[in-house]
Amino acid sequence: GEDVEQSLFLSVREGDSSVINCTYTDSSSTYLYWYKQEPGAGLQLLTYIFSNMDMKQDQRLTVLLNKKDKHLSLRIADTQTGDSAIYFCAESRPSGGSYIPTFGRGTSLIVHP
Amino acid sequence: DAGVIQSPRHEVTEMGQEVTLRCKPISGHDYLFWYRQTMMRGLELLIYFNNNVPIDDSGMPEDRFSAKMPNASFSTLKIQPSEPRDSAVYFCASSFKGFNYGYTFGSGTRLTVV
């Protein structure tokens, strides 16, 4: 997962917007993903974006993709305490006829009142 | 659907013992993945199966680790003998038609080897 890089921590105040950034390395990646992991649980798919898109919006979530710079971001509007979790960026890379996911180390989002 | 089911949720074992982790994927999913999560290395892909056949096991750390998928509804990850450095959370995930459609993770097995 070292080729997908994320900052390890982000702290925001409740009600503010959170922006979690990610850089990836493989320009052939077709899909990029954001997963959320709550304490003691597995990863949950939040959203994904196809590589020919620049932006995708889903309620409070906005994903921006800059393919030229291989940069992906996740914006959470009106961040709530329930959004506190670890957020993983992932890219799918072609391998042996399939696509293999590579995950970043995860960004711990801490939301404080 | 109950999702991906892993058992046990927690396992504490002594060094040298055999450990078997179990996974039941979502019905109809044709891909199954085993991951290991640690603070030091993050999330590592160990092995994945397509239609019960192991496709890539290059992530398996050493010969002490083995995985099987005898049928579409069951997979095991075995560590024999276990070592303290194997302590981690092991996740199973499954998907339909591969990763591009995203996939579903189980809740994980927290393994502690003492």
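Label-to-label distance, A:Ala41 versus B:Met40, with points set 7 angstrom from Cα along the beta-carbon direction: 2.9 nm. Taking the inverse of the mean reciprocal distance over all distinct Cα pairs, the Kirkwood hydrodynamic radius of chain A comes to 14.1 Å. Only alpha carbons enter this Debye calculation for chain B, each as an equal point scatterer, and the log10 of I(q)/I(0) it gives at q = 0.11, 0.15, 0.16 Å⁻¹ is -0.31, -0.58, -0.66. In this Cβ point-charge picture (+1 for Lys and Arg, -1 for Asp and Glu), the protein assembly as shown has a dipole of about 260 debye about its Cα centre.
Cα convex hull of the protein assembly as shown: mean projected area in nm², to one decimal? Please list the in-between numbers first.
Working: hull surface 49.4 nm².
For the Cα atoms of the protein assembly as shown, the hull's average projected area reads 12.4 nm².
Readers should treat all values here as calculations from the given coordinates under stated rules, not as data from a laboratory. In this text, all values refer to a predicted model and were calculated from it rather than measured experimentally. For neighbour counting, all protein chains shown are included, and Cβ atoms are generated from backbone atoms with ideal geometry for every residue, glycine included.
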